[in-house]
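Read the structure below first, then the notes.
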């Protein structure tokens, strides 16, 4: 997760023989990277722990075994399709545990971290789509530029629902914000459920418009936004919570994301009250369980708020 990459790939690539492991230097935990007897790249943790169930998932195998009469927790790459993510997983495990774990908490922390990663491997894909990248950029930009300056870092971060698609993107105090990030030429936004704009409290539909730029352009990039925000949250001890929300969204730091660059064209906010044109559960027949619909932005000007 951390953009300060641990060189796990370099270590794995430098190992020429099976069963050879190299110890991670200057780390509070006893971690080793190498290749196990089955020929799979693996990260091992040695410590005094009580084994608890940890299930495998697509792409990564987890084993709890004895190596040279020492208890070992091993994470190994089980599917080459996930190689890049496995490197990022190892980077994250090493860098995050160096800050948040010690000999007493190491096993519990690594298990918790792995469980957060399981969702990534279960998705069977190595990276977010362009639309998902844009959506996450929009939410992170809003968090950084609009919420944190008004609320505290802690309150702003905890207002972000991150992985709940039917819940408002941000909700705090007595209001909420639903974000839609669209391309330069789009004229409408898609509302994905009856619940997205339905609430007894006044809320806001925020539309962020981005234009795709060349990678060399000095614009908005996902990895850079994540890095800037992590630095802010780290000052308040919130970086681990932030990383957990990013994992829930399917984000890990991959160099490939730096190829996607965007220019912010506009950020528009619309007041969503009882007059706002939206489908609401109370207004549709109870036989209608769900609905997806479009809103034409040119017809919403009367609801636009001043910044």
Rounded to the nearest Å, what's the spacing between the alpha carbon centres of the range 20-83 and the range 136-209? Just the number, please. 39
Given only helices, namely DSSP H runs of n ≥ 4 each adding -39500 (n - 2.57), what is the per-residue ellipticity at 222 nm of the chain, to the nearest 500 deg cm²/dmol? -8500 deg cm²/dmol
Report the paramagnetic label zone for residue 201: residues of the range 169-187 whose backbone N is under 15 Å from a point 7 Å from Cα along the Cα-to-Cβ axis. 169-179
Burial ordering of 304, 134, fewest other beta-carbon atoms within 10 Å first: 304, 134
Based on the Kirkwood radius over alpha-carbon pairs, what is the Stokes-Einstein translational diffusion coefficient of the range 8-122 at 25 °C with 0.890 mPa s viscosity, in µm²/s? 174
Expressed as a whole-number percentage, the relative contact order of the range 130-303 with C-alpha contacts under 8 angstrom and at least six residues apart is 29
What is the helix-to-structure angle for 239-248, meaning the angle in degrees between its Cα long axis and the longest Cα principal axis of the chain, kept from 0 to 90 and rounded to the nearest 10? 80
Degrees between helix 222-234 axis and first principal axis of the chain (Cα, 0 to 90, nearest 10): 80
Cβ-Cβ FRET estimate between residue 79 and residue 212, R0 fixed at 41 Å, reported to 0.05: 0.80
Restricting to the chain, what percent of DSSP beta bridges are antiparallel, rounded to 5? 85
Cα axis of helix 106-122 to longest principal axis of the chain: angle in degrees, 0 to 90, nearest 10? 60
Computed E for residue 285/residue 51 - FRET, C-beta separation, R0 45 angstrom, nearest 0.05: 0.25
Label corresponding to Cα extents along the principal axes in Å when calculated from the structure given, among (i) 61, 36, 34; (ii) 56, 46, 38; (iii) 71, 46, 35: (iii)
Using Cα pairs closer than 8 Å and at least 6 residues apart in sequence, work out the relative contact order for the chain, in percent. 16
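Read the figures in this text as sums done on the coordinates, not as results from a lab. Given the structure is predicted, the values throughout are model-derived calculations rather than measurements. Cβ: placed from backbone, ideal geometry, glycine included. Neighbour counts: every protein chain shown.
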